[in-house]
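Below: one structure, written as structure tokens.
None of the figures in this text is laboratory data; all of them are computed from the coordinates on show. Bear in mind the structure is a predicted one, so any value in this text is a computation, not a measurement. Positions of Cβ are generated from backbone atoms using ideal geometry, with glycine treated the same way; all protein chains shown enter the neighbour counts.
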Amino acid sequence: MFEMKELNDVLAFANKAHSGQKRKYTGEDYIVHPMRVAFAGIYADGRTAQPTAIAAALLHDVVEDTSVTFEQLRLFLSRVFINHSDTAEIMSLVIALTDVYTKNNFIELNRNQRKEKELWRMKSTFDSTLYLIKLADMLDNQSSINKYDPSFAKTFNAEYLLFLEHAENHFGEKGLEFHIAEILRGYQCVDSMASIYDHKFFGLIEPIVSVELLEATNE
């Protein structure tokens, strides 16, 4: 299994990919969101604390929200990780976490239709690790939306409840309650940090991976 340096390289790559992007409601650098999802998973322990899951959490929005393609991401990962199975596992997680039914790709579908199709795609492709990363992702987004956009919160929370129905079918009622509690505990730990950038797990964001390696994705 890979070590800390590789995770720092992944963080540096995600930070570069999201460079210039800001979180909608807070104006924070966008990288704060995937870092929060990753750290909540670390504190929750279990499957989400596995290195491949941490890497996938850091990368979960890279293809969907930046110009990076799956092939560029695969090239980057293959140059960072010695073990090809690690690259394959991370790619599998990121591909599954990337929305297929987006507004740009399915303009004929409204939001409800797109979200419904995404839920059914999840049901057929998600395993426990994917459900947990997605749960952490939605909980972080929900906290911001509920606080800053109460009108949209009604829509988002309805989508969240539908997601929970699918997750409950996978984990069972008690299992899902346990995982929600663990991830929320993880976010309490994250929120207690003075600064997410100073977290001891990664330290400050530094481009540990070479500039050439990061830029190779654009070739």
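Sorting Lys123, Lys117 by the number of Cβ atoms found within 10 Å of their own Cβ, with the fewest placed first, yields Lys123, Lys117. Treating r as the C-beta distance of Leu75 and Phe106 and R0 as 22 Å, the FRET efficiency rounds to 0.20. Ordering Met35, Met91, Met193 by the number of other Cβ atoms within 10 Å of each residue's own Cβ, fewest first, gives Met193, Met91, Met35.
Exposure proxy shown here: for Tyr43, Tyr30, the number of other Cβ atoms within 10 Å sets the order, fewest to most, as Tyr43, Tyr30. Estimated from the Cβ-Cβ distance and a Förster radius of 30 angstrom, the FRET efficiency linking Cys189 and Ala153 is about 0.80.
Here segment 14-63 and segment 84-123 have alpha carbon centers that stand 17 Å from each other.
For Kirkwood radius over Cα pairs in Å, which listed value, [x] 19.1; [y] 17.9; [z] 17.4, comes from the coordinates shown? Answer by label: [y].
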